[in-house]
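One structure is given here, and the rest of the page talks about it.
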Amino acid sequence: LWDRMDTAFLKDLKKLRNEEGIAGLICDRLDGGIDYWIGCISDKDCPSEYEQITLPKSTWVIFEVLGALRPSSGKMVEICKRIYSEWFVNSDYIRAPIPEIEFYHGDGDFWAEDLKSEIWIPIVKKES
């Protein structure tokens, strides 16, 4: 998906965004698959050719990732696996039932080896 993003779409996102970066939104489906959107975090009016998705106010745990977006680098996947196999297992939180966010800092060089990104996971306290 990222490798097929056209420059006009990227320019539109840069005009709309509040922060310097682009976001990926990951939503689990009931059939076990995921839906994935590319967008930005913005409080501006959404143009009619795009879809606006509003997430409820939430508590987030944010993990930093350093490395290219390309699948061969595997950085994002590696960190996600560690979050679920290590962090959640040892924390007092569970994932909240809303989409996760991948946030990619900068101006769109998603293939740079020094790309800084974050995984934002919505959380709620475990019930005792």
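Summary of values
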read-out: In Å², nearest 10: area of residue 62 left accessible to a 1.4 Å probe; value: 90 Å²
read-out: Rounded to whole Hz, the Karplus (6.51, -1.76, 1.60) HN-Hα couplings of segment 74-91, x for glycine and proline; value: x, 4, 4, 5, 4, 5, 4, 4, 5, 4, 7, 8, 10, 5, 4, 4, 9, 10
read-out: Accessible area of the chain divided out per residue, in Å², using a probe of 1.4 angstrom; value: 66 Å²
read-out: Mean residue ellipticity (222 nm) of the chain, computed from DSSP H runs ≥ 4 via -39,500 (n - 2.57), nearest 500; value: -4000 deg cm²/dmol
read-out: Integer Hz, Karplus 6.51/-1.76/1.60 couplings in order for segment 112-127, x for Gly and Pro; value: 5, 5, 9, 4, 9, 9, 9, 10, 9, 10, x, 10, 9, 5, 5, 7
read-out: Calculated on alpha-carbon atoms, Rg and Dmax of the chain in Å; value: 15.3, 50
read-out: Apportionment of accessible area to carbon and sulfur, segment 37-109, percent (1.4 Å); value: 53 percent
read-out: Where the Cα pairs of segment 25-88 fall when distances are cut into 5 Å bins, in %; value: 3, 11, 15, 22, 22, 16, 8, 2, 0
read-out: Nitroxide proxy distance, nm - points 7 Å out along Cα→Cβ at residue 51 and residue 90; value: 3.8 nm
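The values are calculated or read from the model by the stated rules, or taken from the named source; none is laboratory data. Fair warning: this is a prediction, and the values are worked out from it, not measured in the lab. Glycine also receives a Cβ, built like all others from the backbone with ideal geometry; neighbour counts cover every protein chain displayed. Accessible surface is based on the protein model in full, side chains and every heavy atom, while ligands, DNA and RNA are left aside. Shrake-Rupley method; radii C 1.70, N 1.55, O 1.52, S 1.80 Å.
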